[in-house]
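Below is one structure, written out as structure tokens; comments come after it.
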Amino acid sequence: MATDALSIELLRMDGLSLAARTGSGHWLSMDTSVAGGGHGAAASPVELVLAALAGCMAMDILSMLEKMRVRLEDFRIEASAERAPEPPRVFTKVALTIRVRGDVKPRQLERAIALSHEQYCSVGAMLKPTVPIEHHYILEPSTNPAPIPGTEIGATRDDAAREAIFDSID
């Protein structure tokens, strides 16, 4: 039976500031707060776990909605986690709010969320045995009835805003 092995190489940059290079060649920065002995220059490893859960579910949900030929105008997930007060400060509860605007029927979104949560999201599957993961959605009606030419599921954000975000990463 074949497995999909993943790998990273982790480098100490300065103090507790770290950089990880993934097996696919992407770089990721990590740090902790100044109070925790870091520089506060990047997300903490625990924040990245929460972001990974939201990202995993988002990719599943977006892929399923695209297969349903749903036209989206906006999509976002707001995630929060409560943590144990003592080390190891594991998650004790995770809450995800999925916000969607577009021509989406509630049952379509509910189905995509359920499939991601119950079957497809590997990050969620790793967390579910130890922490309850709650999710709910907010569905807003479409404000732009015509799809943007050249996109399969409509616009997700203003292109200039998206470029500004990606330019700030470089």
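The values are calculated or read from the model by the stated rules, or taken from the named source; none is laboratory data. Since the structure is predicted, the reported quantities are computational estimates derived from the model, not experimental observations. Virtual Cβ from ideal backbone geometry, glycine too; neighbours counted across all protein chains shown. Heads up: the accessible areas ignore ligands, DNA and RNA and are worked out on the full protein's heavy atoms, side chains in. Shrake-Rupley method; radii C 1.70, N 1.55, O 1.52, S 1.80 Å.
Details
- Extension reserve of the THR130-THR3 stretch, reckoned as 0.36 nm per residue once the Cα distance is removed: 43.3 nm
- Given R0 = 25 Å, the distance between the Cβ atoms of SER33 and ALA95 translates into a calculated FRET efficiency of 0.65.
- Karplus-derived HN-Hα couplings along region 42-51 (A = 6.51, B = -1.76, C = 1.60, θ = phi - 60°), whole Hz, x at Gly and Pro: 7, 5, 7, x, 5, 4, 5, 5, 5, 5
- Point-to-point label distance, GLN119-SER142, nm (Cα→Cβ direction, 7 Å offset): 2.6
- Interchain or long-range residues, amide H under 5 Å from LEU72's placed H: GLY154
- With each label modelled as a point 7 angstrom along the Cα→C-beta vector, the ASP14-GLU86 pair spans 3.7 nm.
- Between amide H atoms placed 1.01 Å from N, distances below 5 Å from THR92 occur with GLU82, ARG83, ALA84, all of them 5 or more places distant or on a separate chain.
- Summing charges over neighbours of SER142, with a neighbour being any other residue whose Cβ is under 12 Å away from its Cβ, gives -1 when K and R count +1 and D and E count -1.
- Solvent exposure of region 1-90, expressed per residue, is 67 Å² of accessible area, with all protein chains present and a 1.4 angstrom probe.
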